[in-house]
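Below is one structure; the comments refer to it alone.
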Amino acid sequence: MSRPRHALLLLAAGGSRRLGEPKQLLRLAGESLVRRAARLGLATAPAEAVVVCGAHADAVWRELADLPVRRIDCDTWAAGLGDSLATGLRALSGDIDGALVLLCDQPALDAAHLQALRDAWQGDPARAAASAYAGVLGVPALLPRAWFARLAAGGHDQGARDLLRARAADVQAIDAPALAQDLDTPEQARAVTGTSLGANQGEE
């Protein structure tokens with residue numbers, strides 16, 4: 001029996017209003033956060049990989065253009081994370097069984113955790129596998145295809161989080177407390193990257 005096929009869905013459309021600069025382009029150990037997230041996601045061997053761009057789209061895409069990922073633009077990115085998620089889900093192929101949803105602003109993300117999510121979901125692909133941190137279920141998460149239609153309709157400001165909470169009985173939780181670390185303010189970003197904002201970022 002063949003294993004279920006998952007897609008990588010990297011949401012990289014946000015405007016980083018509180019931060020004041022695109023967090024997708026912040027660098028950790030010389031690598032932009034968006035490229036790092038894409039690289040770690042690709043290590044799960046997805047059947048396809050989609051990156052949703054919005055604010056700073058061209059600058060973000062320059063970080064990824066040599067990777068085996070497909071760019072999808074979300075014109076309504078400013079409406080919230082839910083619109084980016086909906087745009088990405090609608091772009092996935094019809095033979096995909098699940099979507100590994102990633103963000104760019106989790107510097108503690110690692111390949112081992114993503115592979116644990118993938119393995120848990122592959123063992124029971126009718127259920128989701130989600131990260132557990134700070135008392136919530138959140139992304140990264142591998143969502144089953146049966147959830148796509150509801151999320152693809154949009155209107156979910158928190159992306160998949162509300163649905164993960166509502167359907168907690170159908171979610172396999174994988175602990176990842178370090179993923180609670182935020183990159184929303186200049187002080188938080190400086191603490192993680194060790195540099196002042198703007199020091200390592202290219203021009204759009």
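No value in this document is a laboratory result; all are computed from the given coordinates. The model shown is predicted, which means the values in this text are computed figures rather than measured ones. Counting neighbours? That spans all protein chains shown, and the Cβs are built from the backbone with ideal geometry, glycine included.
Of all beta bridges that DSSP places with both ends in segment 6-193, some 35 percent have antiparallel geometry. Full extension of the chain segment joining Asp162 with Ala134 gains 8.6 nm, where the gain is 0.36 nm per residue of separation less the Cα-Cα distance. Close amide H pairs (under 5 Å, H built 1.01 Å from N) link Ala141 with Val101, residues at least 5 positions away or on another chain. The string of couplings for segment 30-46 from the Karplus curve (6.51, -1.76, 1.60, θ = phi - 60°) is x, 10, 5, 5, 5, 5, 4, 4, 4, 4, 5, x, 5, 5, 7, 6, x Hz, one whole number per residue in order, with x for Gly and Pro. Legend: calculated FRET efficiency, Asp73 to Leu28, from the Cβ-Cβ distance at R0 = 25 Å, rounded to 0.05, equals 0.50.
Taking the centroid of alpha carbons for each part, segment 103-150 and segment 1-73 are 16 Å apart.
The orientation-averaged projection of the convex hull spanning the C-alpha atoms of the chain amounts to 10.5 square nanometres. Apply 1/(1 + (r/R0)^6) to the Cβ-Cβ distance of Arg190 and Arg3, taking R0 = 35 Å, and write down the FRET efficiency to the nearest 0.05. After rounding to 0.05, the efficiency reads 0.25.
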